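So the structure is just underneath, and the comments pick up after that.
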Amino acid sequence: MVKSVILCQHEQILVNLLKMTGFIGEYEATLDAKGRFLLPAGFKRQLPEGEGLQFVMNRGFEKSLALYPIQNWEPLFTDISQLNDFDPKVREFRRYFLNGATLVEPDTAGRLLVPPNLKVHAQLQRDIVLVAAVNKIEIWDSNTYKQFFDSFSPEAFSKLAQEVMVPKPPSSGQ
C-alpha cells in the first residue's frame, strides 16, 4: 500500500515535470489605468497549447513580481506545503513567499490584472518589462529594471557566473 502511494506520487511528479513550461525572452508592455497588461505574443507562443491560461502572480525577488503558469506553480506549491511547519524559518519563508499569491486569468481582451498590493510591492508604473526566468516570468517596472542592469558591470556578471555556475561534484551514491 505504501509503495503504491509513493509510486503514484513519483508518477505525478514526473507528469508535472513533463508539463512544466520554460521561457526565454524579454518584452516590454504597458499597464493600463486599471493595472492590466497584455501578455506578449512571444510568451504566449511558449505556453503549452490546449491548456487554459491560468497563472499565479506573487511577489518576486528584488522588487519584481513572479508570474507562474499554473502547471509550474503547482509542483512548487507542493514542495512548499511539505516543508516543516515547526521550523520558524519555514513559516517566515511561507508567509513572505505566499503572501499576495493570486490566481490570475486573462480577461476577454486577453489582459492580465496586476492586483493592487502586488503593483505597490513592485512599484510598477505604466511601462513594464516581462523577463523570462526559467519556469516563470518576472514583471519589473521598466525604470527599476534598467537601473538594475545599469548598476551591474560585465566584470561583476562574470564573477557572479563563476560563483553560481561551478560544476557540482558527482554524488557518491551512498
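The values are calculated or read from the model by the stated rules, or taken from the named source; none is laboratory data. What you are looking at is a predicted structure, and each value in this text was computed from that prediction instead of being measured. Positions of Cβ are backbone-derived with ideal geometry, glycine not excepted, and every protein chain shown enters the neighbour counts.
Points worth noting:
- Filtering 91, 59 for residues that are within 12 Å of the chain's Cα centre (by Cα) and of a type in the set (Lys, Arg) leaves a single hit, 59.
- Flag for residue 168 being among the basic types (Lys, Arg), at pLDDT 95 or above and loosely packed, with under 10 Cβ neighbours inside 10 Å: no
- Whether a residue is free of Cβ contacts under 8 Å to residues at least 12 places away in the same chain and of a type in the set (D, E, K, R) was assessed, and residue 150 passes this test.
- The set of residues in region 62-88 that are acidic (Asp, Glu) and either under 18 Å from the mean Cα position of the chain (by Cα) or closer than 23 Å to residue 116 by Cα (or both) comprises 62, 74, 79.
- Top-ranked residue in region 134-144 [being closer than 24 Å to residue 70 by Cα and surrounded by fewer than 18 Cβ atoms within 10 Å (Cβ to Cβ); ranked as modelled with the highest pLDDT]: 135
- Of the residues making up region 88-112, those that are within 17 Å of residue 66 (Cβ to Cβ) and among the aliphatic types (A, V, I, L, M) are 98, 101, 103, 104, 112.
- Residue within region 104-121 that is surrounded by fewer than 10 Cβ atoms within 10 Å (Cβ to Cβ) and closer than 25 Å to residue 47 by Cβ present: yes
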